[in-house]
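A short worksheet on the structure shown next.
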Amino acid sequence: MNVEKLRDSVRNVPDFPIPGIQFKDVTTLFIDPKILDELSEGLVEMYKDKGVSKVVGIESRGFIMGPMLARDLNAGFVPIRKPGKLPAETYEISYMKEYGSDTIQIHRDAINENDIVVLHDDLLATGGTMLAAVQLIKKFNPKKIYVNFLIELEELNGRKLFDPDIEVEAIIKYAV
Ligand code: AMP
C-alpha cells in the first residue's frame, strides 16, 4: 500500500462547513478505481488474520468502505444509524457533541458474544462518535472490538479516548 499516494488523493477543503475547519474529502479516494483498490487492499491487510466476523459501519461515510471490507474478510456488515431509521428492535446510545447531543442505534440481533468486530468510520477527529459506537457494541459483549478509520487527525488526539484493549488503526494520518 502506497500511503503517500492515498494521502495525496484526499481533497482538503478549507473552511468547510464552517470557517477554520480543514475538511478532508474522502470522496476523492473513491473516484479512481486504482486508488479505491489500493485502499481496499490496505484495509484487508490490517484485518485478514484477526478472525473478524462482523464489520460495523457508522452512518453515513462508514457505509462506503465498510461493506467492501466485510465482503473481503468474508464477514457480515452491520449498520449503526441515526434514530428512526432501523425498523426492528434497537439498542441506542446518546452522546455529547460540540453543539448539543446525538443518538445512534443498532439492531439488537446484529451482534452476538462470539463475534469479532471491526468498527469502521471514515475519519477520527475528536473521537466522540466512535467512542459512543464502541460503548454500543460493548452491550453485546463480543469477543473482541477493533476500531478502524480511513483517516486520523492526530493533533485532536481522539485515539486517547479508547481503552488500551481496543486496537485503533487508521490508514492515512495527518499530524496537523
Ligand atoms: P468526531 O466524532 O469528532 O471524531 O468526528 C465525527 C465525524 O465527523 C467523522 O467521522 C467525520 O465524518 C466528520 N469530521 C470531523 N472532522 C472532519 C474533518 N476535518 N474533515 C472531514 N470530516 C470530518
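The values are calculated or read from the model by the stated rules, or taken from the named source; none is laboratory data. Everything numeric in this text was worked out from a predicted model, so none of it was measured. In this analysis, Cβ positions are derived from the backbone assuming ideal geometry, glycine residues included, and neighbour counts consider all displayed protein chains.
Per-residue answers, yes or no, for (1) farther than 23 Å from Leu156 by Cα; (2) under 17 Å from the mean Cα position of the chain (by Cα); (3) more than 16 Å from the ligand (Cβ to nearest atom); (4) assigned to a loop (DSSP other than H, G, I, E, B):
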| residue | (1), (2), (3), (4) |
| --- | --- |
| Gly20 | no, no, no, yes |
| Ser40 | yes, yes, yes, no |
| Gly66 | yes, yes, no, no |
| Ala70 | yes, yes, yes, no |
| Pro79 | yes, yes, no, no |
| Leu86 | yes, no, yes, yes |
| Glu92 | yes, no, yes, no |
| Tyr95 | no, yes, no, no |
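Answer yes or no: is there a residue in the stretch 49-63 that is within 16 Å of the ligand (Cβ to nearest atom), in contact with a Ser or Thr (Cβ under 6 Å, 6 or more places away or on another chain), under 20 Å from Asp109 (Cα atoms) and not basic (Lys, Arg).
As a first pass, look at the stretch 49-63 and keep what is within 16 Å of the ligand (Cβ to nearest atom): 55-63.
Of the ones still in play, those that are also in contact with a Ser or Thr (Cβ under 6 Å, 6 or more places away or on another chain) are none.
No; the residues of the stretch 49-63 include none that is within 16 Å of the ligand (Cβ to nearest atom), in contact with a Ser or Thr (Cβ under 6 Å, 6 or more places away or on another chain), under 20 Å from Asp109 (Cα atoms) and not basic (Lys, Arg).
I want to confirm something. Restricting to the stretch 158-176 and keeping residues that are within 11 Å of the ligand (Cβ to nearest atom) and over 7 Å from Leu124 (Cβ atoms), which single residue is nearest to the chain's Cα centre (by Cα)? In this case the residue turns out to be Leu161. Of all the residues in the stretch 142-156, those that are in contact (Cβ under 8 Å) with a residue 24 or more places away in the chain, closer than 29 Å to Thr28 by Cα, surrounded by fewer than 22 Cβ atoms within 10 Å (Cβ to Cβ) and away from the ligand (no atom under 11 Å from the Cβ) number 1. Within the stretch 41-57, being crowded, with 21+ Cβ neighbours inside 10 Å and among the hydrophobic types (A, V, I, L, M, F, W, C) holds for Leu43, Val52, Val55, Val56. The residue that is farthest from Asp49 (Cα to Cα), counting only those in the stretch 115-141 that are more than 16 Å from the ligand (Cβ to nearest atom) and free of Cβ contacts under 8 Å to residues at least 60 places away in the same chain, is Lys139. Scanning the stretch 51-101 for residues that are aliphatic (A, V, I, L, M) and within 18 Å of Lys138 (Cα to Cα) yields Val52, Val55, Val56, Ile58, Val78, Ile80, Ile93.
Counting only strands (runs of 3 or more DSSP E) that fall entirely inside the stretch 101-157 and contain at least 3 residues that are at pLDDT 95 or above and under 15 Å from Glu167 (Cβ atoms), the qualifying elements are 116-124, 144-153.
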